[in-house]
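Before any comments, here is the structure.
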Amino acid sequence: MFSGIIEKLGRVSSAKHQQNQLVCTLATGFVDLELGESVAVNGVCLTVAELHEGGAATFFVSNETLDKTNLGKIAVGQALNLERSVRLETRLSGHLVQGHVDGKAKFVRLSQDGDSRKLDFELPPALARYCVGKGSIAINGISLTINELEDAKSGPTHLSVTIIPHTWEHTNLHELKPGDEINVEVDVIAKYVERLCQPLIKQ
């Protein structure tokens with residue numbers, strides 16, 4: 001379990017596709033990682049499979065994860081958001097993030113909003129149904145508040161968030177270009193509510 005508060009920007013040192021999976025090594029900046037530990041990489045919960053000197057770690061990314069996230073397009077030198085799993089005694093500064101990405105959205109535009117920045121995205125309707133204005137969403141693993149949500153009669157939903165200077169500087173959002181895909185995890189509570197409200201199917 002994670003909180004959506006990014007701790008480090010890791011750089012990709014190698015990324016190799018083999019047998020329908022990705023094997024990637026990141027310079028994490030964490031000096032005390034352990035084998036088998038869970039780390040959220042751009043919001044995707046991955047397991048540390050190998051450790052190397054200087055805090056570098058190797059992760060295996062399955063074909064299923066490659067299909068549903070933007071990790072299939074990572075390149076050497078690219079910055080990825082990193083967060084280690086939360087401990088029970090720590091403060092939950094963001095919101096409950098599982099590291100189970102629900103799908104991808106498209107970055108559309110950036111605009112200045114005082115010292116902050118407004119980021120606009122196009123979100124598939126299948127994900128937008130779980131979102132509400134001023135609700136929580138994880139974008140590339142970052143816990144953010146939805147400022148605007150506008151459904152279209154057809155096509156994607158418009159979603160915008162406002163990024164304070166600290167978040168802009170300490171995450172990979174500052175490297176986004178229009179058209180880039182970002183990982184989205186909607187609030188898990190909304191998914192549970194939907195499931196509970198469905199009628200029971202008797203066998």
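The values are calculated or read from the model by the stated rules, or taken from the named source; none is laboratory data. What you are looking at is a predicted structure, and each value in this text was computed from that prediction instead of being measured. Cβ placement follows ideal geometry from the backbone for every residue including glycine, while neighbour counts extend to all protein chains displayed.
Structure notes:
- Filtered residue count, region 120-152, keeping only those that are part of a strand (DSSP E or B) and among the aliphatic types (A, V, I, L, M): 7
- Count of residues meeting criterion [among the hydrophobic types (A, V, I, L, M, F, W, C) and in a strand (DSSP E or B)] in region 18-37: 5
- Just one of the listed residues (99, 72) is surrounded by 15 or more Cβ atoms within 10 Å (Cβ to Cβ), assigned to a helix (DSSP H, G or I) and not β-branched (Val, Ile, Thr), and it is 72.
- Boolean, residue 77 is in the same structural domain as residue 34 (by TED's automatic domain parsing), touching an Asp or Glu at 6+ places or on another chain (Cβ under 9 Å) and either more than 18 Å from residue 4 (Cβ to Cβ) or touching a residue at least 60 places away in the same chain (Cβ under 8 Å) (or both): no
- Residue in region 10-18 that is under 30 Å from residue 122 (Cβ atoms) and modelled with pLDDT under 95 present: yes
- Filter pass, residue 15 being closer than 20 Å to residue 140 by Cβ and outside the structural domain of residue 120 (by TED's automatic domain parsing): yes
- The criterion of being farther than 23 Å from residue 166 by Cβ and assigned to a strand (DSSP E or B) does not hold for residue 40.
- Flag set for residue 181, criterion: of a type outside the set (A, V, I, L, M) and surrounded by fewer than 20 Cβ atoms within 10 Å (Cβ to Cβ).
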